[in-house]
Amino acid sequence: MTHGSTTPASNIEDYLLLDDDALVERIERIRAAMGSRLLILGHHYQRDEVIELADLRGDSYKLSEMAAENRECEAIVFCGVHFMAETADILANRPERLAERQGRRVPVVLPDLAAGCSLADMAEIEQVEDCWNQMAQVIDVEDVMPITYVNSAASLKAFCGRHGGIVCTSANAAAVLDWAFARRSRVLFFPDQHLGRNTARAMAIPIEQMPVWDPTADDLGGNTPEAIRQSRVILWRGHCSVHQMFLPEHIDQFREAHPGIRIVVHPECMREVAEKADAMGSTGKILQMIEQSPPGTRWAIGTELHLVNRLKQQHPEQEIHFLSPVVCMCETMYRIDLPHLCWSLENLAAGTPVNVIEVDAETSRWALTALKRMLQVR
Ligand code: SF4
């Protein structure tokens, strides 16, 4: 693939020396040269200067779906984090699409390989397999539905695929739990304990039936056999370091200072925060709530800082506050900056792609099984 006249520097360091105007100009040149053959995806939590250059914006799953549906593009650059690029690779290069393209893959590029997700990193496949084997000593694991949040490595999605399980997003977690309980009596939910707990609580599952599995504990994730036998949802001990920063006292402070303010938080926030808020919702739901509110509505929002700041700019007719007094931003997402975007694009255009995320065929196959199950849940 050779497009554009710029010869890429081999080294990211050369790009770090360029100013933003020069970088944007070079990025726009590649976009113009490649046209619809290039698809730049930008997650809502991205920094402003990057998201402005994205062809499509969305949350993690929405972006992957868009990537999966696109039939024109020959390459995807994912301005997000590692697990998102993996999911895009699995969907964009699924067998039926590869057959349509006579086997040609659409490379998925992550501009900075260090853009990981601290939540996804809290569950490793070896730990989940060990958990499954340990559980099998006290309960019938054939009756346990493994559910992984989409914010997880492809290997965990594949684990779910192999064991009859499924993937969920923050938007469809309740429907996925319903689907799971229609088939099995228990759920193993990973890697985000808060999304699992908040969703199960909203379904009236008692907290005593939700033991937390600590992968660093010696036996049964730190639980007694009895606690595992009585469980309905076994929650993996993982959390998002960004959403963990919102605290119940932040809600108290806002309510005291701004009587009547509406508090909305993401379900990755801890239970005490979710239960105190007026509403809980995925990124898409939060956007929808703001867009549909009458002018003059006052909000305090508990989710990633860049998204909240962008909402403030886009909705000056409403009064929007960030729920925490401290900065809560996704540090790993923030690693995708103009130098990395320019570097990866110019290498892509020159036919020397860097940072291509390619999930191996066996993992892809089973992860796709779990993703397809999710797509059938309504
Ligand atoms: S906000 Fe949290 S869950 Fe989302 S990518 Fe960042 S660390 Fe991961």
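The values are calculated or read from the model by the stated rules, or taken from the named source; none is laboratory data. These numbers were taken from a predicted model, which means no experiment stands behind them. A quick note on method: Cβ atoms are made from the backbone with ideal geometry, for glycine too, and the neighbour counts reach across all protein chains shown. Surface areas here come from the heavy atoms of the whole protein model, side chains and all, with no ligands, DNA or RNA. Shrake-Rupley method; radii C 1.70, N 1.55, O 1.52, S 1.80 Å.
Values for this structure:
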| read-out | value |
| --- | --- |
| Cα centroid separation - region 130-161 against region 292-317, whole Å | 37 Å |
| With all protein chains modelled, accessible area of residue 242 [1.4 Å, Å²] | 10 Å² |
| Solvent-accessible area of residue 163 with every protein chain in place, 1.4 Å probe, in Å² to the nearest 10 | 60 Å² |
| Cut-off under 5 Å, modelled amide H: who pairs with residue 38 long-range | 74 |
| Total formal charge among the other residues, if their Cβ is under 10 angstrom from that of residue 212, Lys/Arg +1 and Asp/Glu -1 | +1 |
| Where the chain is the region considered: accessible area per residue in Å², 1.4 Å probe | 41 Å² |
| Computed FRET value (nearest 0.05) for residue 202 with residue 136, which takes r as the C-beta separation and R₀ as 22 Å | 0.15 |
| Charge dipole magnitude, Cβ of K and R +1, D and E -1 - region 168-251, Cα centre, debye nearest 20 | 360 debye |
| Karplus (6.51, -1.76, 1.60) ³J(HN,Hα), θ = phi - 60°, over region 350-355, in Hz, Gly and Pro reported as x | 7, x, 10, x, 10, 6 |
| Contour excess over end-to-end distance, with Cα ends at residue 314 and residue 96 and 0.36 nm allotted per residue | 74.6 nm |
| Sites residue 104 and residue 253, calculated FRET efficiency, Cβ-Cβ separation with R0 56 Å, nearest 0.05 | 0.55 |
| Candidates 348, 16, 305, ranked by Gaussian network fluctuation over the chain, Cα under 10 Å, top entry | 16 |
| Under-5 Å amide H pairs with residue 318, H placed in peptide plane, nonlocal only | 296 |
| Coil-residue GluC sites (Glu not before Pro) of region 36-113, DSSP, other Cβ within 10 Å capped at 11 | 52, 72 |
| Distance (nanometres) between label positions extended 7 Å along Cα→Cβ at residue 28 and residue 376 | 4.8 nm |
| For region 318-373, the fraction of alpha-carbon pairs in successive 10 Å shells from zero, as % | 17, 22, 27, 25, 8 |
| Volume of the Cα convex hull of region 183-295, divided per residue and given in Å³ | 131 Å³ |
| Label-zone membership for region 64-84, site residue 358, 7 angstrom Cα→C-beta point, backbone N under 17 Å | 74-78 |
| Two-decimal Rg to Rh for region 4-106 - Kirkwood Rh, Cα set | 0.99 |
| Other-chain or far-sequence residues with amide H under 5 Å of residue 187's (modelled H) | 145, 233, 234 |
| Solvent-accessible area, 1.4 Å probe, carbon plus sulfur percent, for the chain | 48 percent |
| Nearest-0.05 FRET efficiency for residue 113 and residue 71, computed from C-beta distance (R0 35 Å) | 0.80 |
| Computed accessible area, residue 366, all protein chains, 1.4 angstrom probe, square angstrom | 60 Å² |
| Evaluated at q = 0.22, 0.26 Å⁻¹: base-10 log I(q)/I(0), Debye formula over Cα of region 284-352 | -0.91, -1.11 |
| Under Karplus coefficients 6.51, -1.76 and 1.60, residue-wise ³J(HN,Hα) of region 43-51 in Hz, glycine/proline x | 6, 3, 8, 5, 5, 4, 5, 7, 5 |
| Convex hull per residue volume in Å³, alpha carbons only, for region 221-378 | 212 Å³ |
| When the convex hull of its Cα atoms is projected in every direction, mean area for region 120-242 (nm²) | 6.7 nm² |
| Kirkwood Rh (inverse of mean 1/r, distinct Cα pairs), region 33-171, angstrom | 16.3 Å |
| 10 Å binning of all Cα-Cα separations within the chain, expressed as whole percents from 0 upward | 5, 23, 30, 25, 14, 4, 0 |
| Value of D in µm² per second that Stokes-Einstein yields for region 95-180, Kirkwood Rh from Cα pairs, at 10 °C (1.306 mPa s) | 104 µm²/s |
